[in-house]
Structures are given as structure tokens and as C-alpha cells.
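Undergrad: One structure is given below, represented as C-alpha cells, and several questions about it will come after.
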Amino acid sequence: MKIAIADIKFDERGLVPVIVQDANTLQVLTLAYMSRESLERTLADQETWFWSRSRSSLWHKGETSGHKQRVVAISLDCDHDALRVLVVPAGPACHSGAQSCFHNELQEASLEARAGDGPESSKADLGEVLSRLYALIESRNRERPEGSYTTYLFDQGLDKILKKLGEECAETIIAAKNDDRQALVNESADLLYHLLVLLIQRGLTLDEVSQELLSRGGKGFAQKVE
């Protein structure tokens, strides 16, 4: 369903809250606010513009830091009073240098997770994370929700997915060459995400890949590792 700017319910200050997510990982990067003008600039530039409540002025994300956010999709919630913006970030979202502004754990929640009573551990191993991400991407492929970057990739088809995978391979190589640890972490995550999209598009499961790795547990696999 397409919604016009005129349908957005800005508050009494003329602002609407905006949840910004990484289009590749769906990590929540920040919560900010947009005015009508900043939203129009965002649409025109395809980069995020916000309204700074502390400075009472427009704010172009990354204007001074270089950590701009390329906009992939914008969607409006069912009450028409909040936006979700999917972006491809060029660097950390937080002024502290953290990838996400939501990097401080609530003490009580941390204690609960350590006790094993929480819904999921923040220290899940890579296999668990990949399995959960695979399931999420698979659901996006089935349901094709509007405004989803994953939906966009599946709609564009194999050539687009392969192109993005190639780009992420190159960016991972560059991050490694430049000895940029955080960039290498970010690009590795992007690479794994796009590889999972490709596997699902081609009908492969993680179990098939796992079995192949396990089957190499003999001398041949050891030689490759060495």
C-alpha cells in the first residue's frame, strides 16, 4: 500500500519518530525524528536527513563524520505516526563510534541472560546466528513484505543477488587489505548475509553446507585447512 507524505501524522511539533535499520542485517541503528522538510530531503537525496531536537535544525547524517546512510526503503506504520527507514550505512550510526546507538545493555536484562532465563543469548554462536538469519531470509522470500531489502533482492532475481555478493566480496577484501578491523567485521557480516540470500534463492540449505564441511573431516579437508 502506497502512502503519501500528507497521510503521515506528524506530532504537535511537526515531527515523526523514525526507526533506522541496517538494510542488510536489520540491526536497529538509531531512533531519530524527521520533520516534513527532512523527510522530503531524505527522499530527494536518498540519504537520511533528520530534525535535531536539541539544536532545532535540520541534520544530514554523516555530513561531518562521513558516516552517511544510503536509503533503500521507507515504510510507515499502521497508525501512520512512525517511520521505518532501511539504510546501507557508510560507518557507525552512533556518535560514540558504535555501530548502533543501542549498544548499552540494561543491567537487569544482562543478569537475566547470564542466568539463562532470557529468550535468547547475546553470545549465541555463529551457527545459531546463521540458522536464525537463514530462517528470517527464508520467510522474507515467502512473504515478500513491502519495504524489505531482502524482498527487493529476491524480486530483482539471481543477477542482482550475484552482483551484490560480488560487491560484498570486494569490500571484504578491501577492508582486510586496509587492516580496518571494524570494517572487516561489518563487511564479513554483509558477505554472509548475501551468501545466505543466494543459497535460499538457489534452493540450498545450511544442512547441505554443514554436511559437506563435515564430510571433509578426513585427510583431504585437513590438507586444505593446512
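Undergrad: If you count only protein heavy atoms and use a 1.4 Å probe, how large is the accessible surface of Asp180, to the nearest 10 Å²?
TA: Accessible surface of Asp180 is approximately 70 Å².
Undergrad: Rounded to the nearest percent, how much of the accessible area of the range 123-203 (1.4 Å probe, protein heavy atoms only) is carbon and sulfur? Don't skip to the end; give the middle numbers.
TA: Working: 2590 of 4730 Å².
The value for the range 123-203 is 55 percent carbon and sulfur by accessible area.
Undergrad: Now for a different question. Using 0.36 nm per residue of separation minus the Cα-Cα distance, give me the extension gain between Gln156 and Ser96 in nm, one decimal. Could you put the intermediate results ahead of the total?
TA: On the way: separation 60, 0.36 × 60 = 21.60 nm, distance 3.61 nm.
Once the chain is fully extended between Gln156 and Ser96, it gains 18.0 nm.
Undergrad: Moving to a separate point now. Report, in debye and to the nearest 20, how large the dipole of the range 1-90 comes out about its Cα centre when Lys and Arg carry +1 and Asp and Glu carry -1 on their Cβ.
TA: On the way: 11 positive and 12 negative charges, 43 e Å.
With Lys and Arg at +1 and Asp and Glu at -1, about 200 debye.
Undergrad: Distance between the C-alpha centers of the range 21-75 and the range 176-196? Whole Å please.
TA: 23
Undergrad: To the nearest µm²/s, what D does Stokes-Einstein give for the range 131-175 at 4 °C and 1.567 mPa s, using the Kirkwood radius over alpha carbon pairs as Rh? If you can, show how the numbers build up before the last one.
TA: Details: Rh = 11.5 Å.
The diffusion coefficient I find is 113 µm²/s.
Undergrad: Candidates [x] 236; [y] 110; [z] 181; which is the computed volume of the Cα convex hull per residue in Å³?
TA: Of the labelled values, this structure produces [z].
Undergrad: Any chance you could list P(r) for the range 1-109, counting all Cα-Cα pairs in 5 angstrom bins from zero, rounded to whole %?
TA: Percent of pairs per bin, in order: 2, 12, 23, 25, 20, 11, 5, 1, 0.
Undergrad: Here is a follow-up. All other residues with a Cβ under 14 Å from the Cβ of Leu184 taken together, and with Lys, Arg as +1 and Asp, Glu as -1, what is their net charge? Write out the running numbers ahead of the final one.
TA: Details: positive: Lys177, Arg181; negative: Glu168, Glu171, Asp179, Asp180, Glu187, Asp190.
Within the 14 Å Cβ shell, the charges total -4.
Undergrad: What accessible area per residue comes out for the chain, rounded to a whole number of Å², with a 1.4 Å probe? Don't skip to the end; give the middle numbers.
TA: Values: 13990 Å² over 226 residues.
I get 62 Å² per residue for the chain.
Undergrad: Continuing with the same structure: Please report the net charge: other residues with Cβ closer than 11 Å to the Cβ of His80, K and R +1, D and E -1. Walk me through the numbers on the way to the answer.
TA: Values: positive: Lys9; negative: Asp7, Asp77, Asp79, Asp81.
Here the count lands on -3.
Undergrad: Let me ask something additional. Please give the FRET efficiency for Ser54 paired with Leu26, using the beta carbon to beta carbon distance and R0 = 22 Å, rounded to the nearest 0.05. Before the final figure, lay out each step's value.
TA: Values: r = 28 Å, r/R0 = 1.27.
That gives a FRET efficiency of 0.20.
Undergrad: For Leu162, what is the net charge nearby, where nearby means another residue's Cβ is under 14 Å from its Cβ and Lys, Arg count +1, Asp, Glu -1?
TA: +1
The values are calculated or read from the model by the stated rules, or taken from the named source; none is laboratory data. Treat the numbers as computed from the prediction; the structure is a model and nothing was measured. Backbone-built Cβ (ideal geometry, glycine too); neighbour counts: all protein chains shown. Areas reflect the complete protein model, heavy atoms only, side chains present, ligands, DNA and RNA absent. Shrake-Rupley method; radii C 1.70, N 1.55, O 1.52, S 1.80 Å.
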